[in-house]
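Undergrad: Before I ask anything, here is the structure I am working with.
Derivation of every value follows stated rules applied to the coordinates shown; laboratory data play no part. Given the structure is predicted, the values throughout are model-derived calculations rather than measurements. Here the Cβ is made from the backbone with ideal geometry for all residues, glycine too, and neighbour counts use every protein chain on show.
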Amino acid sequence: MKITLQLAAIYNIIWGAWVVLFPQQFFYLVGMEPLNHPMVWQGMGMVIGVYGLGYWWASYNPIKHWPIVAVGFLGKIFGPLGFVFNYLTGDAPGAFGYMLITNDLIWWVPFFLILKAAYHQHRFSA
């Protein structure tokens, strides 16, 4: 659990910094129009980077800090759902979905297992 959260932390901090420092680069890579207001995307990068700090702190005691993992897990569920909605309405190209693999999908199982362990720990220790 500790290694998983630390890897997620490092990834999120790097990804968040990339988005903040180079907000248009992702859109060029996936063939989308550059943003008119990149500060919105940079704000998202800041939030993702802050998630990374939370994951790092949670890694010291994942069972105790399960709410941080839960918030991250929800984001990793709702992000892809938002993409699917925007893809189906024609507002996001399929290439945008590649970001979901490393930002969200690969973390579903490990985060779920951490939350499951926390649930069992709290359920059977009460």
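Undergrad: Leaving out same-chain residues fewer than 8 places away, which aspartates and glutamates sit with a Cα under 13 Å from that of LYS76?
TA: ASP104
Undergrad: Here is a further query. What do you get when you divide the Cα radius of gyration of the chain by 2.2 N^0.38 Å, with N the number of residues? If you can, show how the numbers build up before the last one.
TA: Working: Rg = 15.9 Å, N = 126, 2.2 N^0.38 = 13.8 Å.
Scaled against compact globular proteins, the figure is 1.15.
Undergrad: Angle between the Cα long axis of helix 108-125 and the longest principal axis of the chain, 0 to 90 degrees, nearest 10?
TA: Long axis of 108-125 versus the principal axis of the chain: about 30 degrees.
Undergrad: Okay, helix-only estimate at 222 nm for the chain: each DSSP H run of n ≥ 4 adds -39500 (n - 2.57), divide by all residues, round to 500 deg cm²/dmol; what do you get?
TA: Calculated mean residue ellipticity at 222 nm is -24500 deg cm²/dmol.
Undergrad: Next up: Work out, step by step, the length gained on full extension between MET39 and PHE124: first 0.36 nm times the residue separation, then minus their alpha carbon distance; give nm to one decimal.
TA: 26.0 nm
Undergrad: What's the angle, to the nearest 10 degrees (0 to 90), between helix 66-88's Cα axis and the longest principal axis of the chain?
TA: Once rounded, the angle reads 30 degrees.
Undergrad: Compute the distance in nm between two label points, each set 7 Å from the Cα along the Cα-to-Cβ direction, one at LEU105 and one at PHE27.
TA: The two pseudo-label positions are separated by 2.5 nm.
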